[in-house]
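Report on the following structure.
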Amino acid sequence: VDVVPVPDPALVVLVGASGSGKSTWASSRYRTAEIVSSDALRGVVGSGEHDLDASADAFALLEQVVAARLGRRLTVVVDTVGTDPARRRRWLAAAHEAGLPAVAVVLDTPAGVCRSRNAARDRPVPARVLDRQLATVAATVGLLDDEGWDSVLVATPDVPTHPGNTPSTG
Ligand code: CTP
Ligand code: MG
């Protein structure tokens with residue numbers, strides 16, 4: 001049980017490297033229809049979840065799903081690596097335009113855990129790609145506080161969610 005409940009409805013943007021547990025975190029808390037995943041959409045419009053050639057089409061669909069759900073004031077959990085600042089800014093603005101709170105959830109899983117989970121997978125991400133994701137996620141954590149999120153939560157493995165910052169007033 002999380003210490004800090006995430007508001008609902010809300011925009012929930014996950015931030016974490018491959019193997020950090022984003023999809024596991026989301027599916028244990030939300031219905032399938034509430035989660036939009038770039039990997040899943042690659043599988044819908046491409047040859048599979050790992051078809052990187054399908055990324056542009058997958059993200060175009062993802063943007064449509066986010067906009068449509070927020071426009072109806074429905075919860076949407078965005079399951080991507082979460083490290084693109086322009087995308088985060090767009091999603092957050094769309095949530096606030098719809099009057100919904102916007103929450104960033106960082107899967108702050110140790111690099112070694114991500115690496116060993118990745119290595120155990122059928123289709124591991126190349127080690128250099130994972131290293132770059134881990135570095136980008138670490139850099140992203142420092143950016144979130146100034147982006148205007150209603151809250152930034154940090155989910156550590158097997159530890160309840162705790163507040164990553166105190167929401168600023170205004
Ligand atoms: N896992 C685990 N314990 C957790 C979370 C995840 O053992 N608390 C395992 C999952 O069963 C899975 C792997 O770690 O085999 C990766 O978890 P997943 O949620 O799929 O990670 P993602 O961050 O979604 O990875 P990706 O970006 O590659 O989708
Ligand atoms: Mg995933």
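The values are calculated or read from the model by the stated rules, or taken from the named source; none is laboratory data. All of these numbers come straight from a predicted model, not from anything done at the bench. With ideal geometry, Cβ positions are generated from the backbone for all residues, glycine too; neighbour counts draw on all protein chains shown. All accessible areas refer to the heavy atoms of the entire protein, side chains included, with ligands and DNA or RNA removed. Shrake-Rupley method; radii C 1.70, N 1.55, O 1.52, S 1.80 Å.
One residue stands out among those in segment 142-170 that are in a loop (DSSP other than H, G, I, E, B) and of a type in the set (Val, Ile, Thr): the one that is modelled with the lowest pLDDT, which is Thr169. Tallying residues that are part of a helix (DSSP H, G or I) and under 17 Å from Ser38 (Cβ atoms) within segment 119-141 yields 7.
Taking segment 3-13 as the search range and keeping residues that are more than 16 Å from ligand 2 (Cβ to nearest atom) and either over 22 Å from Leu70 (Cβ atoms) or in contact (Cβ under 8 Å) with a residue 24 or more places away in the chain (or both), which one is farthest from the chain's Cα centre (by Cα)?
Within segment 3-13, the first condition is being more than 16 Å from ligand 2 (Cβ to nearest atom), and the residues that meet it are 3-11.
Next, only the ones that are either over 22 Å from Leu70 (Cβ atoms) or in contact (Cβ under 8 Å) with a residue 24 or more places away in the chain (or both) stay: 3-4, 6-11.
On the way: Val3: 19, Val4: 17, Val6: 14, Pro7: 16, Asp8: 16, Pro9: 16, Ala10: 13, Leu11: 10 Å.
Among residues in segment 3-13 that are more than 16 Å from ligand 2 (Cβ to nearest atom) and either over 22 Å from Leu70 (Cβ atoms) or in contact (Cβ under 8 Å) with a residue 24 or more places away in the chain (or both), the one farthest from the chain's Cα centre (by Cα) is Val3.
Inspect segment 14-26 for any residue being within 15 Å of ligand 2 (Cβ to nearest atom), surrounded by 15 or more Cβ atoms within 10 Å (Cβ to Cβ), farther than 20 Å from Cys114 by Cβ and under 13 Å from the mean Cα position of the chain (by Cα) and give the result as yes or no. No, every residue in segment 14-26 fails to be within 15 Å of ligand 2 (Cβ to nearest atom), surrounded by 15 or more Cβ atoms within 10 Å (Cβ to Cβ), farther than 20 Å from Cys114 by Cβ and under 13 Å from the mean Cα position of the chain (by Cα). Checked against (1) within 28 Å of Gly99 (Cα to Cα); (2) within 13 Å of ligand 2 (Cβ to nearest atom); (3) of a type in the set (A, V, I, L, M), Leu61 passes all but a single condition, namely (2).
Taking segment 113-130 as the range and being in contact with a helix residue (DSSP H, G or I) (Cβ under 8 Å, 6 or more places away or on another chain) and either open to solvent by 70 Å² or more (accessible area, probe 1.4 Å) or more than 10 Å from ligand 1 (Cβ to nearest atom) (or both) as the test, the residues that pass are Arg115, Ala127.
Which is under 24 Å from Val76 (Cα atoms) and in contact with a Leu (Cβ under 7 Å, 6 or more places away or on another chain), of Val141, Val105?
None of the others qualify; the one that does is Val105.
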